[in-house]
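Reviewing the structure listed below.
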Amino acid sequence: MKESRLERLSCLAVCAGAGGLALGLEQAGFDPVLLLDNRAVACETLRLNRPEWNVLQADLLDFDPVDHQATYDVDLLAAGLPRVKASAAVARENSTEEIRILEATIMLMHAVQPRALLVENVPDLVSKPAYEPIRAYVATELEHLGYRHHWFVLNAMYHGVPQDRKQGILVAFKRDSIDDFVTPMPTTKPPITVGEALGVSMAVRGWPHAAEWAAQADQPAPTLVGGSWNRGGADLGPTGSKRAWARMRVNGGTVADKPPGADFPWDPALGVKGMVSLTVEQAARLQGFPENWFFAGRKTARYRQIGHASPPPVGRALGLAMRAALRRRA
């Protein structure tokens, strides 16, 4: 039976990016009252796919909810934050921008007073000693506000995403709702491989080796990395990732405009010239985006949005778990 609108919950999504987390939460029953991001191209992507969403282009460090009172008392504050680097400089003038954004998210809890918080970031943030000052800061602030919290790590490949992508997760709930939160369980199905995810798309222009390529691309993808917004072109990640891609006969040093054609050679002796390159659309499939989710901008900007996104299937799994906990205390 289809849910009525009255049964759906509300959320505020900050650092929304291309909408991966927001899309997953929407599938789990959360409707955004506002989505905030500081990049024009990301906001264009959000509006392109969901014209009815209220999208605000603004820096989180400058955001004042008093001007957007629909954000008060939402069910969930969700944040897919820039990747935090280890530092003891939390809440200090010399903090990195990523830490200042994390701090701003926690400070936003004071004003918005959501029933729950969901933050997605690097897995090391959960347990590595170098991040202890950040975790201590978060714990102090949340406890002061009356929230109980929990850190854990999920791997997207165990939640229907064809990619080995570990994500550090922070959830917090007012009072005792956290006792009803159950961490999403990994699927019992084997992880989806690159070949399974992309085999059909590799054949769309008549490449005769598509099935052979797909059969040997028998692992989940390494973690897609969006890279810096300020320099360089689109590629699939650092040196280690490129080596993993090369083992699946994929050139990780570039992103293609289209899949291979009928005359494309597939010859290991040719090095990278004999390897296929992934398209932006194929990268989006590896990130778990549906085929009807479109990305604004030129090729590099589109790939950056995908690489920095949170996989929608993980957002859906987290959203369902948070929704279940919130509804038990409704």
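The values are calculated or read from the model by the stated rules, or taken from the named source; none is laboratory data. From a predicted model like this one, the values you see are computed outputs, not experimental measurements. Using ideal geometry, Cβ is built from the backbone for each residue, glycine included, and neighbour counts are taken over all protein chains shown.
Worth pointing out:
- Here residue 141 clears all of (1) surrounded by 15 or more Cβ atoms within 10 Å (Cβ to Cβ); (2) more than 24 Å from the chain's Cα centre (by Cα); (3) assigned by TED's automatic domain parsing to the domain that holds residue 281 except the condition numbered (3).
- Among residues of segment 141-165 that are touching a residue at least 40 places away in the same chain (Cβ under 8 Å), those with a Cβ under 7 angstrom from a residue that is part of a loop (DSSP other than H, G, I, E, B) and of a type in the set (D, E, K, R), sequence gap 6+ or separate chain, pair up as 156/165; 157/164; 157/165.
- Counting the residues of segment 144-181 that are closer than 14 Å to residue 109 by Cβ, buried (at least 21 other Cβ atoms within 10 Å of the Cβ) and among the hydrophobic types (A, V, I, L, M, F, W, C) gives 4.
- Where helices (runs of 4 or more DSSP H) fall wholly inside segment 256-330, the ranges with 1 or more residues that are within 20 Å of residue 83 (Cα to Cα), at pLDDT below 95 and in the same structural domain as residue 237 (by TED's automatic domain parsing) are 299-308.
Rundown of residues vs (1) aliphatic (A, V, I, L, M); (2) more than 18 Å from residue 42 (Cα to Cα), yes/no style:
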position: 282; (1), (2): no, yes
position: 288; (1), (2): no, no
position: 295; (1), (2): no, no
position: 299; (1), (2): no, no
position: 303; (1), (2): no, no
position: 308; (1), (2): no, no
position: 313; (1), (2): no, yes
position: 317; (1), (2): yes, yes
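- For segment 152-168, the candidate set comprises residues that are part of a strand (DSSP E or B) and touching a Leu at 6+ places or on another chain (Cβ under 6 Å); within that set, the residue that is farthest from residue 313 (Cα to Cα) is 168.
- Residue-level analysis places residue 276 outside the set of residues that are in contact with an Asp or Glu (Cβ under 9 Å, 6 or more places away or on another chain), on the phi < 0 side of the Ramachandran plot and crowded, with 23+ Cβ neighbours inside 10 Å.
- Which listed residue is assigned by TED's automatic domain parsing to the domain that holds residue 301 and of a type in the set (D, E, K, R), from 164, 235, 180: 235
- Restricting attention to segment 170-190, the residues that are closer than 16 Å to residue 157 by Cα and at pLDDT below 95 total 6.
- Yes/no for residue 285 being closer than 21 Å to residue 233 by Cβ and among the basic types (Lys, Arg): yes
- Any hit, segment 290-308, residues being surrounded by 22 or more Cβ atoms within 10 Å (Cβ to Cβ), in contact with a Lys or Arg (Cβ under 6 Å, 6 or more places away or on another chain) and over 18 Å from residue 160 (Cα atoms): yes
- Residues in segment 171-208 that are outside any loop (DSSP other than H, G, I, E, B), of a type outside the set (Asp, Glu) and more than 19 Å from residue 286 (Cβ to Cβ): 7 in all.
- Comparison of 144, 209, 149 shows that the only residue that is under 20 Å from residue 321 (Cβ atoms) and either touching a Leu at 6+ places or on another chain (Cβ under 9 Å) or not aromatic (Phe, Trp, Tyr) (or both) is 149.
- Residues of segment 209-231 satisfying the condition of being out of contact with any strand residue (DSSP E or B) (no Cβ under 8 Å at 6 or more places or on another chain), assigned to a loop (DSSP other than H, G, I, E, B), free of Cβ contacts under 8 Å to residues at least 60 places away in the same chain and surrounded by 13 or more Cβ atoms within 10 Å (Cβ to Cβ): 209, 219
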